[in-house]
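Some notes on the structure that comes next.
Every number here is computed from the coordinates shown, using simple stated rules; none is lab data. What you see is a predicted model; the values in this text were computed from it and never measured. Cβ atoms come from the backbone with ideal geometry, glycine included; neighbour counts cover every protein chain shown.
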Amino acid sequence: MAQSVNSVVRALLGFLIIFWFSQLFGLEDGSWLVLLLWILSGLIVLWPGIDDLLARYLFELRRPTLVESQRLAPSWFAVAQRAGIDPRPFSMWIQLGEVPTAGAPGGRTVAVTSWAMAGLPPGHLQAALAFDYVGHLYGSSSIGRLLHWYTAPTRLVGAGVRKLLRLSRTIPAVGCTIVGFLILAYIGLFMFVLVFYDGWTIPLLYLSPLLLPAVFAGLARWNERMADQAVADLGFGRTLLEILYGWQAQHQQAVRRMGITQPDWLSGQPVVAERIRALELYLQGA
């Protein structure tokens with residue numbers, strides 16, 4: 001349920017982003033034609049090969065090597081047996097990143113992070129794969145695939161915001177200059193729309209990018225917790241807790257060695273400590 005609601009909200013925000021950019025380029029009345037074309041573009045998800053293309057080029061995942069495939073296969077088959085599904089239609093992918101769990105790409109793609117692949121024993125690797133699988137419970141339906149396609153604009157905007165934030169921290173002079181220029185340009189554009197457009201509908205639409213990060217953060221936290229609970233329902237709750245505790249300890253050690261502090265929300269995932277507390281409460285209630 002959480003995954004479905006999350007996808008619907010992100011898809012609606014995706015349509016809003018398409019409308020906003022079409023207005024930005026001066027299409028005005030043509031914005032509705034752009035939205036219609038975007039709706040029709042969803043037919044591409046009916047192509048059987050779209051999952052691999054999305055995984056490789058949109059989510060920047062990679063195929064596992066032969067050794068990695070041999071290590072992943074037993075854990076994935078164990079998860080599929082526990083969930084009562086056929087594991088063969090799904091394909092394994094690796095998400096590069098030092099985070100405990102991968103973001104669910106949808107469709108028939110199952111991803112695990114390079115951190116989990118390199119450092120987790122087989123039993124814990126099962127929990128990491130189970131976390132990704134719970135995002136696919138409704139992914140085989142045509143509606144789920146369409147929603148997955150229509151959320152592409154929201155994911156691209158979120159990725160762009162995170163990259164700008166990282167750039168402003170890594171190279172403050174360049175990053176802050178770019179961010180400052182974009183803010184000034186945006187303010188100027190909004191003032192133009194506010195002065196020359198009648199009513200509040202269009203100005204409110206131009207304010208939507210300011211609201212998207214907060215909406216994304218709230219949806220990510222809620223969906224992540226629901227996914228953690230679904231993993232616990234499959235019987236991997238305690239193991240997932242061990243993964244989160246292990247990642248938290250390793251992450252804190254790395255931060256102390258480097259002498260920097262970086263918020264967990266820059267990784268695009270909710271704070272791990274909050275996930276741990278929520279999962280512990282759920283397991284106690286169960």
Between L33 and R166, what's the calculated FRET efficiency when r is the beta-carbon distance and R0 is 25 Å? Round to 0.05. 0.10
Packing-wise, with mean Cβ within 10 Å as the measure, how do 93-102, 33-42 rank, highest first? 93-102, 33-42
Could you give me the ³J(HN,Hα) list for the range 219-229, computed from phi with Karplus coefficients 6.51, -1.76, 1.60 and θ = phi - 60°, whole Hz, x at Gly and Pro? 5, 5, 5, 5, 5, 5, 5, 5, 5, 4, 5
Starting from the Cα-Cα distance between I187 and W222, subtract it from 0.36 nm times their residue separation and give me the gain in nm to one decimal. 9.5 nm
